[in-house]
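*Asks:* Pasting in a structure now, in structure tokens, and then I'll have a few things to ask.
No lab work stands behind these numbers, since they all come straight from the coordinates. Keep in mind the model is a prediction, meaning the values are calculated, not measured. Here the Cβ positions follow ideal geometry from the backbone for every residue, glycine too, while neighbour counts run over all protein chains shown.
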Amino acid sequence: MRIPYGFNLVKNGVLEVKESEAISIRMIFDYYLAGASLGKVVDILYAEQIPSPTGKAKWTRVAVDHLLSNSKYVVIVGFESYASVQYEKASLCNVDYDKTGAPRKETRYISPAMPQT
């Protein structure tokens, strides 16, 4: 089992919040809710010299996105903040759904190199 960023493993498989990393997690949620893009959050973390969960100097957009999507962080940021981020992420998504619920992009892009029929 991989222990999520912001937590320590204690006896009997119980996770406890690691406050030094929880501060960074709250900051990530706050900046995202304030309108920062995933890339901007990465830049802020790098400027603040906050190492990624893997210990690297710079976070990736994917790592920030996964952190924002992980429901384990509800105990750190609270349900309202977590739910607000999920709503914001869904509203920014460019994937539309058809009547059967299958994802599809709203706009189909056509390559100019392809002959039009």
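*Asks:* Please work out, to two decimal places, the log10 of the ratio I(q)/I(0) at q = 0.25 Å⁻¹ from a Debye calculation in which every Cα of the stretch 1-93 carries one identical scatterer.
*Replies:* At q = 0.25 Å⁻¹ the computed log10 ratios are -1.42.
*Asks:* What net charge do the residues around Gly6 carry, taking every other residue with its C-beta under 15 Å from that of Gly6, with Lys and Arg at +1 and Asp and Glu at -1?
*Replies:* That works out to 0.
*Asks:* Label Lys72 and Gln86 with points 7 Å out from Cα along Cα→Cβ: what is the distance between them in nm?
*Replies:* 1.7 nm
*Asks:* Compute the length gained on full extension between Arg2 and Glu48: take 0.36 nm times their separation in residues and subtract their Cα-Cα distance, giving the result in nm to one decimal.
*Replies:* 14.0 nm
*Asks:* Filter Lys18/Lys40; Lys40/Lys89; Lys56/Lys89; Lys18/Lys89 down to the pairs with a C-alpha to C-alpha distance above 21 Å, please. Numbers along the way, then the final one.
*Replies:* Values: Lys18/Lys40 24 Å; Lys40/Lys89 15 Å; Lys56/Lys89 25 Å; Lys18/Lys89 26 Å.
Exceeds cut-off: Lys18/Lys40; Lys56/Lys89; Lys18/Lys89.
*Asks:* For the stretch 19-98, calculate the relative contact order in percent as a whole number, restricting contacts to Cα pairs under 8 Å that are 6 or more residues apart.
*Replies:* 30 percent
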